[in-house]
Amino acid sequence: MLRVAALQMNSGTTPEANLDALERLATEAARQGATYALSPEVTVAFAENREGLERVARPFENNADIARVSRVARDTKLWLHLGSLAVALPDGRFANRSVLFGPDGAIAATYDKIHLFDATLPGLKQYRESATYAGGERAVVAQVGELMLGLSICYDVRFPALYHALAVAGAEMLAVPAAFTVPTGEAHWEVLLRARAVETGSYVIAAAQAGQHQNGRATWGHSMIIDPWGKILGQLGGDGEGVLVADIDPAAVVDARSRVPALANARPFSLSVNPTGAS
């Protein structure tokens, strides 16, 4: 058994205050016996626009914010998974990067968000992540103690092929740090997370931003932990910070995948598209 924690936050635009909150929540997770804790997307700073990002985002090397999270991991003895922060790239864009720290504070894995949110939602402004961020190109599975963890970030959850690949590569738990909008969260958050759990026979842990933010955005919250059969083991509310803890058993992954062996039964196929009226 492994005790895991989803850390729900309401990040603002100032890294120091957000890192204070992360340290407080990680300390509480460790006090409750968690050995792994996941924070949301944009944990370090939830910037309003590109100018805001330029004020707070730094290169990955010698990054003071990353160094502080490393110290928190070491002090709490957690596998501390920083859901994401913006990292300044040499070409003027940013990477939306997830960083996994071991209990010794060393970086165990990194993952850059592959799928970028370019969408226009009714009643909200356009979102064009690709204008600011560079998408990642590499899926990542990392070992957390005896558990294999698949890394992803927010909008990735709408692309099941990524999670299939992570599960085939050995992932037993899928991490989904997020900052979902309220309309998409209300409509899709739970069903997407449960679908990713069911179709891969994996645990899903989703740590979310929640509530009204300093940058004017509002996020859905409702951080949750889901078992490989699609059962919600726990869920937080839609406002403010919190710590959600659950015990997971890797044997449940084996059981779910043996009962419905969808990963093993998947087959390659070709596709034929016939225009209307074609014979």
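What follows draws every value from the coordinates through simple rules; no lab data is involved. What you see is a predicted model, and the numbers here were worked out from it, not measured in a lab. We place every Cβ from the backbone using ideal geometry, glycine too, and count neighbours over all the protein chains shown.
The table that follows gives values for the structure above.
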{"item": "Sorted by Cβ density within 10 Å, fewest first, the residues Glu186, Glu146, Glu23, Glu172", "result": "Glu146, Glu186, Glu23, Glu172"}
{"item": "Over segment 75-203 - Rg/Rh using Cα atoms and the Kirkwood inverse-distance radius", "result": "0.98"}
{"item": "Counting all C-alpha pairs of segment 141-279, share separated by more than 28 Å (%)", "result": "25"}
{"item": "Most mobile listed residue (Leu263, Leu38, Leu193) in the chain, GNM with C-alpha springs under 10 Å", "result": "Leu263"}
{"item": "Contour minus Cα-Cα distance for Asn49 and Glu16 (0.36 nm per residue)", "result": "10.0 nm"}
{"item": "Dipole of segment 2-260, positive end: most advanced residue of Thr219, Ile66, Pro103 [Cβ charges, Cα centre]", "result": "Thr219"}
{"item": "Protection proxy ranking, peptides 203-210, 47-54, average beta carbon neighbours within 10 Å, highest first", "result": "203-210, 47-54"}
{"item": "Evaluated at q = 0.16, 0.17, 0.21 Å⁻¹: base-10 log I(q)/I(0), Debye formula over Cα of segment 1-83", "result": "-0.58, -0.65, -0.93"}
{"item": "Beta bridge orientation in segment 2-260: antiparallel %, DSSP, nearest 5", "result": "70"}
{"item": "FRET efficiency estimate (nearest 0.05) - Cβ-Cβ, Trp229 to Ala187, R0 22 angstrom", "result": "0.40"}
{"item": "Around Thr184: net Lys/Arg minus Asp/Glu count, Cβ-Cβ under 13 Å", "result": "0"}
{"item": "Residues of segment 222-262 with amide N under 17 Å of the 7 Å Cα→Cβ point at Arg31", "result": "241-246"}
{"item": "Computed E for Arg259/Arg138 - FRET, C-beta separation, R0 45 angstrom, nearest 0.05", "result": "0.90"}
{"item": "Gaussian network model of the chain, springs between alpha carbon atoms under 10 Å - residue of Ala218, Ala119, Ala195 with greatest fluctuation", "result": "Ala119"}
{"item": "Enclosed volume per residue, in Å³, of the convex hull spanned by Cα atoms of segment 2-260", "result": "108"}
{"item": "Cβ-defined net charge surrounding Ala88, 14 Å radius [Lys, Arg +1; Asp, Glu -1]", "result": "-1"}
{"item": "The chain - mean residue ellipticity at 222 nm from DSSP helices (-39,500 (n - 2.57) per run, n ≥ 4, rounded to 500)", "result": "-7500 deg cm²/dmol"}
{"item": "Among Ser11, Ser223, Ser70: highest mean-square fluctuation, GNM of the chain, C-alpha pairs under 10 Å", "result": "Ser70"}
{"item": "Inter-label distance for His164 and Asp104, nm, one decimal - labels placed 7 Å from Cα along Cα-to-Cβ", "result": "3.8"}
{"item": "Average Cα contact separation per residue, the chain, under 8 Å, 6 or more apart, as relative contact order %", "result": "20"}
